[in-house]
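Student: Sharing a structure below in structure tokens format, with a few things to ask.
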Amino acid sequence: MKLKYLLLLMISLSVSLPAWAQDEVLPEPDEDHGTPIVFREAIPERFITVLANAGRQSIELTGDSVSVFVREDIETVQGADLGRLLERAPGVSLSRNGGPGNFTAVRVRGAEGEQLLVLIDGVRVADPASPGGGFDFGNLLMGGLAKVELQRSSNSTIWGSQALGGVLAATTGNGQSSWASAEYGAHDSRYAAGGVSFETGPAALGLQGGYFDSDGFSAAAAGTEPDGFRQTELAGRVRLDLAKGLAAFAGGRYADGRLELDGFPAPLFTLADTAEYQETRQLSGAAGLDFSGAALDLRATVSTADTERANFDPAFGAAPGYATDGTSERAELRGRWRFAEGLALDFGGEREWLRFSTLFDPVRRTAIWGGYAQLDYDRGPLHLAAGLRRDEHRDFGGEWSLGADLAYALSRHWRLTASYGEGFKAPTLFQLHSDFGNAALRPERSRSYDAGVGYDGDDVRLKATAFRRDTAGLIGFVSCFGTATGICAHRPFGTYDNIGRARAQGLELEAGLDLTGGLSLGGAYTLLDAQDRTSGSASRGNDLSRRPKHVLTAVVDWTASAALSFGADLRVVSDSFDDAGNFVRLGGYEVLTLRASWDASEHVTLFGRVENLWDETFQTAAGYATPGRGAYMGARARF
């Protein structure tokens with residue numbers, strides 16, 4: 001135990017950035033912008049897509065807080081669990097209802113998991129049929145991704161509904177002509193993925209697939225029966241150059257999984273082993289045209305995403321006990337007009353059609369359209385952007401969203417950033433039109449602010465960011481037990497209402513240090529104060545559930561030779577509460593993972609890791625188990 005806390009102290013003294021590449025160099029100075037402050041997480045690929053017109057934008061030309069993970073980071077972390085990668089970004093906390101494949105929520109700066117907009121290859125993939133309309137990260141495997149971008153503040157000015165808590169954009173692919181990987185480990189877990197891409201004349205094509213299968217462990221902490229998970233993923237993309245500056249593109253993703261669940265069986269109705277399972281199918285795709293000219297860039301896209309879920313309990317027969325189907329269809333146009341030196345106008349408009357049905361609810365539909373304009377100024381050491389958006393929803397009417405950000409290079413190494421963003425999340429179809437629905441609901445609204453200062457030297461990188469987000473009109477469930485008047489009239493089982501307010505504020509620290517002998521230290525620390533601010537509520541002043549006040553991820557990497565490297569990841573999380581009343585406490589925990597990789601040849605790398613080395617017992621959702629110590633080993637091939 002003394003060794004454990006000695007290691008914790010040593011790593012904590014070097015709070016730092018996640019998963020940095022060690023072989024990259026900083027970009028050369030630019031006459032207009034000086035030497036940009038680009039933190040190591042973004043060096044291998046300077047361009048991001050979560051801002052402005054959703055096209056490629058240099059990361060130094062923004063005052064927003066953005067974390068970027070590229071293929072090298074993904075391979076360094078290893079495995080299928082995307083959560084282990086996202087934990088390297090500041091401001092991120094996760095909760096999971098059991099083992100691999102179980103519902104996983106990603107909370108950014110204290111926001112709800114459903115308030116994070118998620119894009120895969122540019123397509124919105126939230127499930128419109130789920131009560132909260134969010135994305136379940138348990139259904140996204142990491143091995144097939146080329147890049148993950150995370151903006152950590154409200155950004156409905158550009159993205160419209162759901163970008164209240166930030167934006168996460170994942171890009172599939174590998175960046176290599178052909179590749180394959182496979183690993184085996186704890187709980188009889190097997191994960192294989194591979195892909196191929198090639199160009200011929202004006203056309204480029206990429207295909208990839210992955211398969212994960214694990215016996216798992218009991219989702220219920222008090223259970224003993226393993227709950228397994230298996231999933232197949234397929235993705236493809238094609239691009240065809242039609243003329244100079246004009247190209248057509250198309251892509252799609254398919255995922256099919258089966259997850260064994262634990263439930264709440266009679267007579268105790270407490271979480272325990274059951275034979276229940278869930279089948280999930282996800283299908284998403286997009287097609288469109290890209291135009292890139294001397295002063296004007298345009299992208300026109302049509303896209304769709306569909307999620308089907310079915311829950312089965314063999315104790316009640318072979319038919320599903322509950323099933324949902326949610327579909328989103330979108331048409332959008334985005335562009336950038338560089339109308340003068342250092343000045344550009346980002347603009348766009350889109351319309352989305354949403355549909356959902358369940359085993360007990362008929363098909364319900366709604367639609368939303370929106371348009372935005374943002375003015376960008378980039379000249380010398382200054383970047384400044386400000387934008388305005390208008391959305392119109394078929395059910396509740398219109399919303400305005402405003403956003404602005406600023407970045408200023410004080411010198412070659414020092415940089416100031418600041419941003420203001422407004423966000424909104426439209427009520428889901430389930431909240432509006434299910435048996436529990438309330439057609440009078442209004443959207444949830446937020447205002448977020450942050451300001452930061454960063455230093456990027458040759459061997460030392462530092463950044464501190466203070467943030468705050470105020471959210472009003474939070475939609476919560478209202479019990480109608482024993483009440484048949486007011487909002488409960490004709491809703492005996494309860495309904496939804498805009499009943500909540502919240503405030504989340506805190507501090508993010510990022511830093512990094514490159515030492516001699518191939519040793520580097522990295523990580524991120526977050527101090528978060530997330531409180532219920534609902535007037536007249538018994539929970540006013542309480543901590544928001546599952547939001548720990550202190551979170552630290554520390555990383556040590558050692559390149560022992562040109563072919564051999566070792567690493568360690570330490571995750572330290574403080575206590576939190578599982579419920580709004582703050583009656584159920586979730587204990588803090590420290591989890592250490594050791595990693596190693598060896599380039600056996602020019603094309604083949606062997607790797608392995610031991611997760612949760614100390615076999616720490618903890619929970620991120622009350623009553624649900626988390627994995628103990630587990631070892632994994634595998635190989636990657638590139639051609």
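Values in this text are rule-based calculations from the coordinates and carry no lab data. What you see is a predicted model; the values in this text were computed from it and never measured. All Cβ positions, even for glycine, are placed from backbone atoms using ideal geometry, and neighbour counts span all protein chains on display.
Student: How far is the Cα center of the stretch 65-138 from the Cα center of the stretch 527-599, in Å?
Tutor: Distance between centres, Cα-based: 14 Å.
Student: If one puts a single equal scatterer on every Cα of the stretch 57-193 and applies the Debye formula without solvent, what log₁₀ I(q)/I(0) results at q = 0.13, 0.17, 0.19 Å⁻¹?
Tutor: Once normalised to I(0) and log-transformed, intensities are -0.56, -0.96, -1.18.
Student: Moving on to the next point. Between residue 319 and residue 292, what FRET efficiency comes out of the Förster formula 1/(1 + (r/R0)^6) with R0 = 30 Å and r the beta carbon distance, rounded to 0.05? Don't skip to the answer; put the middle values down first.
Tutor: Working: r = 52 Å, r/R0 = 1.74.
The formula returns an efficiency of 0.05 here.
Student: Long-range amide H contacts for residue 623: which residues qualify at under 5 Å (H placed 1.01 Å from N, peptide plane, sequence gap of 5 or more or a different chain)?
Tutor: The list, which skips near neighbours in sequence, is empty: none.
Student: What distance in nm separates the two pseudo spin-label positions at residue 178 and residue 200, each 7 Å out from Cα along the beta-carbon direction?
Tutor: 1.4
Student: Ok, one more. So for each of 68-74, 199-205, 154-160 I average, over its residues, the number of other beta carbons within 10 Å; can you give me the resulting order with the highest mean first?
Tutor: 154-160, 68-74, 199-205
Student: Return one quarter of the surface area of the convex hull spanned by the alpha-carbon atoms of the stretch 341-406, equal to its mean projected area, in nm².
Tutor: Averaging across all directions leaves 5.9 nm² for the Cα convex hull.
Student: Taking the Cα centre of each part, how many Å lie between the stretch 427-495 and the stretch 609-639?
Tutor: If you average the Cα positions of each part, the centres end up 32 Å apart.
Student: Using +1 on the beta carbon of Lys and Arg, -1 on that of Asp and Glu, and nothing else charged, what's the dipole of the stretch 108-241 about the Cα centre, debye to 20? Kindly include the intermediate steps, with their values, before the conclusion.
Tutor: On the way: 8 positive and 15 negative charges, 100 e Å.
Approximately 480 debye in magnitude.
Student: Here is a follow-up. Whole-Hz ³J(HN,Hα) for each residue in the stretch 430-436, computed from phi via Karplus 6.51 cos²θ - 1.76 cosθ + 1.60 with θ = phi - 60°, x for glycine and proline: what do you get?
Tutor: Listing the rounded values in order: 5, 5, 8, 10, 6, 4, 9 Hz.
Student: Find how much the distance from residue 333 to residue 302 grows on full extension, using 0.36 nm per residue of separation minus their present alpha carbon separation; answer in nm with one decimal. It would help to have the intermediate numbers written out before the result.
Tutor: Values: separation 31, 0.36 × 31 = 11.16 nm, distance 0.90 nm.
Working it through step by step, the gained length comes to 10.3 nm.
Student: In whole Hz, what ³J(HN,Hα) sequence does the stretch 513-524 give by Karplus (6.51, -1.76, 1.60; θ = phi - 60°), x for Gly and Pro?
Tutor: 9, 9, 9, 6, x, x, 9, 9, 10, x, x, 8
Student: In nm, to one decimal, how far is the residue 440 label point from the residue 582 one, both placed 7 Å along Cα→Cβ?
Tutor: 3.2
Student: Now a separate question. Any chance you could run the full-extension gain for residue 410 through residue 188? It's 0.36 nm times the residue separation minus the Cα-Cα distance, nm to one decimal.
Tutor: 74.6 nm
Student: Counting only C-alpha contacts under 8 Å and six or more residues apart, can you give the relative contact order of the chain as a whole percent?
Tutor: 14
Student: Can you show me the helix-derived [θ] at 222 nm for the chain, built from DSSP H runs with n ≥ 4 at -39,500 (n - 2.57) apiece and divided by the number of residues, rounded to the nearest 500.
Tutor: That comes out to -1000 deg cm²/dmol.
Student: Can I ask one more? Taking the dipole about the Cα centre of the chain, with the C-beta of Lys and Arg at +1 and of Asp and Glu at -1, give me whichever of 295, 119, 184 is farthest to the positive side.
Tutor: 295
Student: May I ask you to order 178-187, 441-450 by the average number of other C-beta atoms within 10 Å around their residues, highest value first?
Tutor: 441-450, 178-187
Student: Positive end of the charge dipole of the chain (Lys, Arg +1 and Asp, Glu -1 on Cβ, about the Cα centre): tell me which of 475, 314, 218 has its Cα farthest that way.
Tutor: 475
Student: May I pose another question? How big is D for the stretch 251-311, in µm² s⁻¹ as a whole number, if Stokes-Einstein is applied with the Kirkwood radius of its Cα pairs at 4 °C and 1.567 mPa s?
Tutor: Translational D for this selection: 85 µm²/s.
Student: Which one, (i) 27.5, 87; (ii) 27.7, 95; (iii) 23.9, 73, gives Rg and Dmax of the Cα atoms in Å as derived from the coordinates shown?
Tutor: The value matching this structure is (iii).
Student: Using θ = phi - 60° and the Karplus form 6.51 cos²θ - 1.76 cosθ + 1.60, what ³J(HN,Hα) does each residue of the stretch 569-578 get, whole Hz, x for Gly and Pro?
Tutor: Running phi through 6.51 cos²θ - 1.76 cosθ + 1.60 with θ = phi - 60° gives 10, 10, 10, 10, 10, 7, 4, 8, 10, 8 Hz.
Student: Long-range amide H contacts for residue 542: which residues qualify at under 5 Å (H placed 1.01 Å from N, peptide plane, sequence gap of 5 or more or a different chain)?
Tutor: It is 532, by chain and number.
Student: Next up: List the residues whose amide H sits under 5 Å from the amide H of residue 442, counting only those 5 or more places along or on another chain, with H placed 1.01 Å from N in the peptide plane.
Tutor: Long-range HN contacts for residue 442: 498.
Student: Could I ask something else about it? For a paramagnetic label modelled at 7 Å from the Cα of residue 240 toward its Cβ, which residues of the stretch 278-293 fall within the zone defined by backbone nitrogen distances under 16 Å?
Tutor: 286-291
Student: Still on this model: To the nearest 0.05, what FRET efficiency results for residue 563 and residue 614 with a Förster distance of 22 Å applied to their C-beta separation? Display every interim value, and only then the final one.
Tutor: On the way: r = 29 Å, r/R0 = 1.33.
Result of the calculation: an efficiency of 0.15.
Student: How long is the gain from residue 507 to residue 633 if the chain were fully straight, where each residue apart is worth 0.36 nm and the alpha carbon distance is subtracted?
Tutor: Taking residue 507 through residue 633 to full extension adds about 41.7 nm, to one decimal.
Student: Specify which residue in the list 591, 527, 570 is farthest towards the positive end of the charge dipole of the stretch 496-639, using unit charges on the beta carbon of Lys, Arg (+1) and Asp, Glu (-1), about the Cα centre.
Tutor: The Cα lying farthest towards the positive end belongs to 527.
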